[in-house]
Amino acid sequence: MIKTCVISLGSNEPSPGCILSARSALLAVFPDIRFSRLQQTFPIGFPSPRLFYNQVALCTTSLPLSEVRFLLKKIETAQGRRTEDKASGIVKLDLDLLCYDGCVLKPDDWSRPYVREGLEELHA
C-alpha cells in the first residue's frame, strides 16, 4: 500500500550544503520526492544566533513508518549530525517526518510559515 509522506528539512550550517546532500539521499530512497523552495529562516524555539535553511518535501512510499523514520535518522547521521551538537546551537541536519499516510506526527510544526508555504507550493 502506498503512503504519502511530508518531510521537513532543516540546517543551521552557514551554507545549504547539508540540505542539498540530504536531498540527493532522499531522492535515492523516494524517487518521486518533490521539494519546496529552500528558505532561510530565524530559529523557532531554539537558542541559536544562526539562521536556518528550511525546506519541505512530499513523497510516496510503500515502506512502513518505522523504516521511514530509520532512513531519515540514517541520512542525518551520514551528514554529520551528532546529538551533542544541539546543546551548542548546531543543527547540521534535521529531517522530521511531519505526516505519514494522513497521520500528523508533529502538529506544532504545521504552524511554521515555511511548512505552510512549502506545502502550498507543492500542492499548487
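A quick yes/no check of all residues on (1) out of contact with any strand residue (DSSP E or B) (no Cβ under 7 Å at 6 or more places or on another chain); (2) small (G, A, S):
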{"residue": "A28", "(1), (2)": "yes, yes"}
{"residue": "L38", "(1), (2)": "no, no"}
{"residue": "F46", "(1), (2)": "yes, no"}
{"residue": "V56", "(1), (2)": "no, no"}
{"residue": "L63", "(1), (2)": "yes, no"}
{"residue": "L72", "(1), (2)": "no, no"}
{"residue": "D85", "(1), (2)": "yes, no"}
Selected residue (criterion: surrounded by the most Cβ atoms within 10 Å (Cβ to Cβ)) from residues of region 58-87 that are of a type in the set (G, A, S) and under 14 Å from V29 (Cβ atoms): A78
How many residues does region 1-50 contain that are assigned to a loop (DSSP other than H, G, I, E, B), more than 14 Å from R112 (Cβ to Cβ) and modelled with pLDDT of 95 or more? 7
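Limited to region 1-37, what total is found for residues that are more than 24 Å from G102 (Cα to Cα) and of a type in the set (A, V, I, L, M)?
Within region 1-37, residues that are more than 24 Å from G102 (Cα to Cα) and of a type in the set (A, V, I, L, M) number 2.
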Is region 53-63 home to any residue that is modelled with pLDDT of 90 or more, farther than 12 Å from L9 by Cβ and not in a strand (DSSP E or B)? yes
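Answer with yes or no whether F52 is of a type in the set (A, V, I, L, M, F, W, C) and either touching a Ser or Thr at 6+ places or on another chain (Cβ under 6 Å) or under 15 Å from S21 (Cβ atoms) (or both).
Details: of a type in the set (A, V, I, L, M, F, W, C): yes; either touching a Ser or Thr at 6+ places or on another chain (Cβ under 6 Å) or under 15 Å from S21 (Cβ atoms) (or both): yes.
Judged against the criteria, F52 is a match.
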Residue list for region 88-117, restricted to those being in a helix (DSSP H, G or I) and of a type in the set (A, V, I, L, M, F, W, C): W110, V115
R50 being surrounded by fewer than 16 Cβ atoms within 10 Å (Cβ to Cβ) and among the charged types (D, E, K, R): yes
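Let me confirm something: among I90, I2, I19, which residue is touching a residue at least 60 places away in the same chain (Cβ under 8 Å) and surrounded by fewer than 16 Cβ atoms within 10 Å (Cβ to Cβ)?
Working: I90 fails: surrounded by fewer than 16 Cβ atoms within 10 Å (Cβ to Cβ); I19 fails: surrounded by fewer than 16 Cβ atoms within 10 Å (Cβ to Cβ).
None of the other options fit; the residue is I2.
Please tell me if S111 is modelled with pLDDT under 95 and not basic (K, R).
Numbers: modelled with pLDDT under 95: yes; not basic (K, R): yes.
The answer is yes for S111.
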Residue in region 71-87 that is in a helix (DSSP H, G or I), in contact (Cβ under 8 Å) with a residue 60 or more places away in the chain, closer than 14 Å to I7 by Cα and not charged (D, E, K, R) present: yes
Whether any residue in region 26-45 is under 11 Å from G10 (Cα atoms), surrounded by 15 or more Cβ atoms within 10 Å (Cβ to Cβ) and either basic (K, R) or without any contact (Cβ under 8 Å) to a residue 40 or more places away in the chain (or both) is what I want to check. yes
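The values are calculated or read from the model by the stated rules, or taken from the named source; none is laboratory data. Keep in mind that what you see is a predicted model, and the values were worked out from it rather than measured. Here the Cβ is made from the backbone with ideal geometry for all residues, glycine too, and neighbour counts use every protein chain on show.
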